[in-house]
Amino acid sequence: MVARRFLVVHDDSDFDLHYDTDDGFEVFQFQLYSLTSVPPHQQKIFGAEQDTPVVNDSDLVAISDKLRLVSVNDSEPEPSAADLLKSDEELARLLQAEEEALMLQQYVASENPREFDSRVRPHVSQVRMYEDATRQEAARKSVPMEELEEKALVSLAKEGNFKPSKIEQDHAFLLQLLFWFKRSFRWVNSPSCHDCGNETVGQGMAPPLPSETLYGASRVELYRCTVCSQLTRFPRYNDPMKLVETREGRCGEWANCFTFYCRAFGYESRLILDFTDHVWTECFSQFLGRWMHLDPCEGIYDKPLLYEKGWGKKLNYVIAIAKDGVYDVTKRYTRKWHEVLSRRTIITEPSLSSLLSNITKESRRGFASQLLSIIEVRDMEENKELERSLHAEDDESLSLPGRRSGNEEWRKSRLEMGSDKLSSSACPVRLCVDEHVTRIYNAFRPILYQFVGEELTKSEAVEVLRITKGILLDLSKSPYKTRRTSIDSVLDNPKFQKLLPSFDDLLGALSLEKKVNTDGRVEFCLVGDPVVTSLALPVALDALDDMIYILNKCENYGKDMFLLPFLKLNRIHSGSAIASSEELPFGIITSAFDGTRISKWEEPNGARGCWVVYRTFGNEMFELVAYELMSANDAPERDPMDWILEGSSDDGISWQVLDKQTSQFFEDRFQRRTYTISSANFPCNVFRFRFLAVRDIQSNSRLQIGSIDLYAKSIGKLRA
């Protein structure tokens with residue numbers, strides 16, 4: 001351990017920082033965040049004397065004791081003469097490479113546009129089918145719209161947005177449509193035998209039948225069953241309505257059908273044709289104010305560098321095809337334009353521009369002048385954006401994965417394996433919207449007290465909890481805007497009927513109420529914002545499962561019911577969290593604090609060390625008495641095994657060890673383990689977990705945790 005002291009200058013203020021070199025550079029960045037409120041992903045650190053950039057521990061070694069911190073949101077420091085020279089030299093090198101590629105293109109590219117035209121034209125006709133109102137209506141009927149609408153609103157609520165605008169809702173719904181499509185459409189490497197369902201092997205191609213050409217299948221693949229030897233036909237349909245019915249195919253069918261779905265729901269959409277053999281979708285996001293990349297095969301959105309940086313593709317032409325024209329959008333998908341230019345040898349750039357312009361003019365015939373004006377303004381804005389994107393700085397913390405769709409042998413043959421990492425990024429500070437979790441946990445207190453007061457046996461208590469779970473399951477399956485369910489059948493159980501008043505707090509936490517109708521029927525129904533109920537129901541169901549599991553295993557029923565892990569009182573909530581890294585979009589750090597089993601925090605490089613820092617809401621001080629960690633849904637090799645929990649009472653400047661654990665073992669998935677704090681009576685406003693190792697660090701690089709819950713000696717009054 002080496003203790004160092006730095007004087008940090010930021011915004012005309014000086015900050016004193018004490019740093020333990022064993023903690024690592026990420027912790028150093030968080031200490032800066034604690035002092036200056038500049039999040040780690042927005043920090044630019046320089047040695048104050050020589051303006052030397054500091055990006056890791058080794059850079060700190062060369063710095064004496066004075067640092068300068070700049071937020072990326074602030075004005076950038078004036079570049080030095082050396083930086084300007086380097087920047088000019090780099091720009092000159094790129095421009096020269098681009099000029100050489102264009103000169104080469106004049107000699108090797110054909111001036112005959114037919115080849116290019118023949119590859120684009122069929123897709124122009126294809127996207128016109130998306131505009132048929134009857135087809136769109138049929139497509140919408142195949143989508144569980146209310147379910148996706150609910151998920152979209154819940155996703156916004158998890159970010160603290162309970163009153164989203166129409167634009168925000170539309171954006172969130174589009175993402176849920178993408179995730180639903182990824183789950184519901186089937187990738188076909190080789191089709192199952194139509195006679196016996198067993199595996200098949202390819203036998204070449206066959207001419208299409210009239211019933212297949214009716215739906216645009218110009219190609220039909222033949223496969224022979226490895227068991228019964230019967231032939232199975234796999235028509236490559238192009239009619240998007242037929243694909244809504246079959247729900248299977250490869251990237252061509254996936255992108256074709258998903259783009260059609262996007263149009264059916266009113267999104268301005270394009271089919272994106274990559275001449276190196278891939279297809280995906282773009283939609284214009286009113287929320288982002290620009291075109292957004294969506295790949296239905298991968299379930300990834302707004303990551304246009306996925307193919308070049310993640311898959312390792314050598315792109316040449318990326319063409320967007322829409323009802324209003326055809327566009328060359330290659331520049332959105334590359335940061336190596338001079339290299340891409342050297343591979344664009346089908347047609348010269350002027351001829352390409354002329355060809356696309358002519359097709360676009362044909363597509364726009366008959367458009368109203370007002371609509372044309374809007375589209376032309378958008379075109380100009382997009383062209384500016386494409387030029388800017390070529391020179392945009394990459395986010396070095398963003399890791400993009402190799403291809404996931406298709407079997408491994410096929411992906412290897414296409415050289416698209418790339419990295420085995422999922423999309424991950426440095427983690428920003430995220431707000432934990434989880435007060436409902438604390439309210440639900442606290443709501444079990446009167447229920448457990450009533451169990452004891454009514455002298456219920458353990459089996460009777462379990463039965464009451466199972467009845468409650470059944471009621472909540474019925475509610476979760478009912479339409480989210482009008483949730484209600486009758487409880488008359490369970491009121492025949494005298495124990496449950498007598499205990500019913502003790503469930504009032506739980507109903508309140510779920511934004512539900514008990515209602516007696518004029519006909520005497522008793523119901524549970526909504527009493528407030530339905531999104532609050534949608535957000536809270538999964539938490540309550542998981543909490544009931546935990547309580548039933550603990551009760552069944554409990555040997556001292558009654559005596560231990562008012563202690564952890566039974567009664568989870570005073571859970572700290574509504575703070576902010578930041579982590580060393582996180583998986584996008586589902587493994588973000590706040591997933592560890594949302595109270596549900598279906599989510600988890602995943603750190604892609606956390607097997608040998610990573611961290612989480614939790615700052616309390618309003619910097620309120622809490623005396624931590626216990627905490628719980630829950631294993632995630634799968635991959636036990638990623639479970640944490642060794643860790644240290646620390647607390648700080650001065651916003652992260654100094655730390656005290658609150659707990660240390662080694663060789664911990666989670667026997668089951670979704671298993672909660674409770675740890676008590678021996679060094680209580682130490683008020684803290686920041687908590688830090690330093691995870692040192694996972695269960696298997698030899699064959700695995702990741703750490704994952706289902707949930708983290710912190711329990712204080714007491715907490716303030718919850719909001720109504």
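The values are calculated or read from the model by the stated rules, or taken from the named source; none is laboratory data. In this text, all values refer to a predicted model and were calculated from it rather than measured experimentally. Note: ideal-geometry Cβ built from the backbone for every residue, glycine included; neighbour counts use all protein chains shown.
The condition (being of a type outside the set (S, T, N, Q), touching a Lys or Arg at 6+ places or on another chain (Cβ under 7 Å) and surrounded by 24 or more Cβ atoms within 10 Å (Cβ to Cβ)) is satisfied by just one residue among Val613, Val625: Val613.
When Ser701, Ser707 are checked against the criterion of being under 22 Å from Phe666 (Cβ atoms), at pLDDT below 95 and under 25 Å from the mean Cα position of the chain (by Cα), a single residue qualifies: Ser701.
Just one of the numbered conditions (1) touching a residue at least 60 places away in the same chain (Cβ under 8 Å); (2) in contact with a Cys (Cβ under 9 Å, 6 or more places away or on another chain) is not true of Ser351: (2).
Scan segment 585-601 and tell me whether some residue there is in the same structural domain as Asn633 (by TED's automatic domain parsing), crowded, with 22+ Cβ neighbours inside 10 Å, part of a strand (DSSP E or B) and touching an Asp or Glu at 6+ places or on another chain (Cβ under 9 Å). For segment 585-601, residues in the same structural domain as Asn633 (by TED's automatic domain parsing), crowded, with 22+ Cβ neighbours inside 10 Å, part of a strand (DSSP E or B) and touching an Asp or Glu at 6+ places or on another chain (Cβ under 9 Å): present. Here Gly606 fulfils each of the conditions (1) part of a loop (DSSP other than H, G, I, E, B); (2) touching a helix residue (DSSP H, G or I) at 6+ places or on another chain (Cβ under 7 Å); (3) surrounded by 23 or more Cβ atoms within 10 Å (Cβ to Cβ) apart from (2). Determine whether Asp488 is without any contact (Cβ under 8 Å) to a residue 12 or more places away in the chain and more than 28 Å from Ala157 (Cα to Cα). So Asp488 fails the test. Taken together, Phe162, Phe181 contain a single residue that is more than 17 Å from the chain's Cα centre (by Cα) and touching a residue at least 24 places away in the same chain (Cβ under 8 Å), which is Phe162.
Considering only residues that are touching a strand residue (DSSP E or B) at 6+ places or on another chain (Cβ under 6 Å) and not small (Gly, Ala, Ser), look in segment 626-638 and name the one that is nearest to Gln656 (Cα to Cα).
Residue satisfying both the conditions and the ranking: Tyr627.
Of the residues making up segment 321-379, those that are more than 32 Å from the chain's Cα centre (by Cα) and within 21 Å of Gln126 (Cβ to Cβ) number 15. Please enumerate the residues belonging to segment 465-500 that are surrounded by 15 or more Cβ atoms within 10 Å (Cβ to Cβ), in a helix (DSSP H, G or I) and more than 36 Å from the chain's Cα centre (by Cα). Once the filter is applied, which keeps residues that are surrounded by 15 or more Cβ atoms within 10 Å (Cβ to Cβ), in a helix (DSSP H, G or I) and more than 36 Å from the chain's Cα centre (by Cα), segment 465-500 yields Val490, Lys495, Phe496, Leu499, Leu500.
Residues in segment 668-720 that are surrounded by 15 or more Cβ atoms within 10 Å (Cβ to Cβ), within 22 Å of Phe617 (Cα to Cα) and hydroxyl-bearing (Ser, Thr, Tyr): Ser707, Tyr711.
Contact map, segment 496-515: residues that are hydroxyl-bearing (Ser, Thr, Tyr) paired with residues that are assigned to a helix (DSSP H, G or I) and surrounded by fewer than 20 Cβ atoms within 10 Å (Cβ to Cβ), Cβ distance under 8 Å, separation 6+ or inter-chain. Pairs shown: Ser502/Pro446; Ser502/Tyr449; Ser502/Gln450; Ser511/Pro530; Ser511/Val532.
Checking every residue in segment 286-300 against the condition of being touching a Phe, Trp or Tyr at 6+ places or on another chain (Cβ under 6 Å), under 18 Å from Leu386 (Cα atoms) and assigned by TED's automatic domain parsing to the domain that holds Met380 gives at least one match.
Any idea which of (1) assigned to a strand (DSSP E or B); (2) under 27 Å from Lys553 (Cα atoms); (3) in contact (Cβ under 8 Å) with a residue 60 or more places away in the chain is the one Ala632 doesn't satisfy? Only one criterion in (1) assigned to a strand (DSSP E or B); (2) under 27 Å from Lys553 (Cα atoms); (3) in contact (Cβ under 8 Å) with a residue 60 or more places away in the chain is unmet by Ala632, namely (1). What pairs come out if I take residues in segment 361-376 that are within 12 Å of Lys323 (Cβ to Cβ) and pair them with residues that are of a type in the set (Lys, Arg) whose C-beta lies under 7 Å away, six or more apart or interchain? Within 7 Å, the pairs are Ser363/Lys323. For segment 485-505, a residue qualifies if it is modelled with pLDDT of 90 or more, hydroxyl-bearing (Ser, Thr, Tyr) and out of contact with any strand residue (DSSP E or B) (no Cβ under 6 Å at 6 or more places or on another chain), and exactly one does: Ser502.
If you go through segment 512-557 and keep only what is outside any helix (DSSP H, G or I), touching a strand residue (DSSP E or B) at 6+ places or on another chain (Cβ under 9 Å) and β-branched (Val, Ile, Thr), you end up with Val516, Val522, Val527.
For Leu341, the conditions (1) in contact with a Phe, Trp or Tyr (Cβ under 8 Å, 6 or more places away or on another chain); (2) at pLDDT below 95; (3) buried (at least 17 other Cβ atoms within 10 Å of the Cβ) are fulfilled apart from (1). Screening Pro538 on (1) surrounded by 23 or more Cβ atoms within 10 Å (Cβ to Cβ); (2) in contact (Cβ under 8 Å) with a residue 60 or more places away in the chain shows it passes everything except condition (1). Within segment 647-673, residues that are hydrophobic (A, V, I, L, M, F, W, C) sit with their Cβ atoms under 6 Å from residues that are outside any strand (DSSP E or B), at 6+ positions apart or across chains, in these pairs: Leu658/Ile677; Leu658/Ser679; Phe666/Ser631; Phe666/Asp639; Phe670/Arg597. Tell me, yes or no, whether segment 697-704 has at least one residue that is charged (D, E, K, R) and more than 26 Å from Phe30 (Cβ to Cβ). No - not one qualifying residue is present in segment 697-704.
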